[in-house]
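Data first, discussion second: the structure below is written as structure tokens.
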Amino acid sequence: MPHSLGILLSGRGSNFIAIADSIDAGRIPDARISAVITNKADAPGIATARQRGLNALAIPSKGKSREEHDREVVSALKKNDVDLVCLAGYMRLLSPWFVQQFPRRILNIHPSLLPAFPGLEAQEQAFAYGVKVSGCTVHFVDEELDHGPIIVQKTVAVLDSDDEHKLATRILEQEHLAYTEAINVVLAGKFRIVGRRLIVDEKS
Ligand code: GAR
């Protein structure tokens, strides 16, 4: 049975598209996307999922408590036998209950080198701070914001000629590569987590 991925998104969906393209091109072997779920019915990413013939579900969060919305999302993920949840620009905090439903099976991508600049508009935060290097992080989701063990990070140099948008564009290119790498690490399962450190087991 191929691995069954569930993608959660709230917006543009370029990370979702990168993952879908990697699966189609065989760069993520033995996997399929079983559900793409959005909390925003008008998210461009969900329209793309529909166009691609994927199982695209809008589960609006507006007017619901976090627990109530999370229960609906988890129920849809389980109904579709999802075994790896990928947050791809999903701009909602997951409740601890949600996290506990998929232990070490929820990934998130964040556009900074965590633990620097968690939260919203990370690229703008990094640019305004004046860092010379930024990048992106794919990590396991735990109960805290942008916090779980790191799977993959990629660096991006900040140039004197940059503005927030140019920097964000180059970080996004690296995000698309990082997410595929991280999914492959997790699906291969050949790693240990020691403290916060993910260590890929030696190839025998
Ligand atoms: C990406 O840059 C992602 O790293 C960021 O939202 C963007 C979504 O773009 N996520 C966060 O900031 C989460 N804290 P996309 O919809 O084109 O994938």
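The values are calculated or read from the model by the stated rules, or taken from the named source; none is laboratory data. Just so you know, these numbers come straight off a predicted model, no measurement behind them. Here the Cβ positions follow ideal geometry from the backbone for every residue, glycine too, while neighbour counts run over all protein chains shown. Just so you know, the surface numbers come from the protein's heavy atoms only, side chains and all, with ligands and any DNA or RNA stripped out. Shrake-Rupley method; radii C 1.70, N 1.55, O 1.52, S 1.80 Å.
Worth a mention:
- Difference of contour (0.36 nm per residue) and Cα-Cα distance, ILE199 to SER65: 44.5 nm
- Cα shape, the stretch 53-123, gyration tensor, a/c 1.5 rule: prolate
- Reducing the stretch 1-60 and the stretch 126-154 to their Cα centroids gives an inter-centroid distance of 22 Å.
- Rg/Rg_ref, the stretch 1-66, where Rg_ref = 2.2 N^0.38 Å and atoms are Cα: 1.14
- Around the Cα centre of the stretch 1-138, unit charges on the Cβ atoms of Lys, Arg, Asp and Glu (plus for the first two, minus for the last two) sum to a dipole of about 100 debye.
- Relative to its residue count, the stretch 74-204 spans a Cα convex hull of 119 Å³ per residue.
- Sequence of LYS62, LYS40, LYS190 when ordered by accessible area, the most exposed leading, probe 1.4 angstrom: LYS62, LYS190, LYS40
- Taking every C-alpha pair closer than 8 Å and separated by at least 6 residues, the mean separation divided by the residue count of the stretch 81-204 gives a relative contact order of 21 percent.
- In the full protein context, the stretch 91-175 carries 50 Å² of accessible surface per residue, based on a 1.4 Å probe and ignoring ligands, DNA and RNA.
- For the chain, a Gaussian network of Cα nodes joined below 10 Å ranks LEU94, LEU159, LEU107 by mean-square fluctuation, and the top entry is LEU159.
- Pairwise Cα separations in the stretch 1-142 fall into 5 Å bins from 0 onward with the following percentages, short to long: 2, 10, 19, 22, 20, 15, 8, 4, 1, 0.
- Percentage of interatomic Cα-Cα distances in the stretch 79-153 larger than 20 Å: 31
- Student exercise, the stretch 63-142 dipole from Lys, Arg, Asp, Glu Cβ charges, in Debye to nearest 20: 100
- Contact order, relative form, for the stretch 1-155: 21 percent (alpha carbon pairs under 8 Å, 6 or more residues apart, mean separation divided by residue count).
- Mean ellipticity per residue at 222 nm, deg cm²/dmol - from DSSP H runs of n ≥ 4 across the chain, formula -39500 (n - 2.57): -11000 deg cm²/dmol
- Accessible surface of the chain, 1.4 Å probe, proportion on carbon and sulfur as whole %: 53
- 17 Å Cα cut-off, lysine pairs counted over the stretch 79-204 (separation 8 or more, or different chains): 4
- Listed residues ALA41, VAL82, LEU9: farthest to the positive end of the dipole of the chain (Cβ charges): VAL82
- Here r is the Cβ-Cβ distance between ASP160 and LYS79 and R0 is 45 Å; the resulting FRET efficiency, rounded to 0.05, is 0.30.
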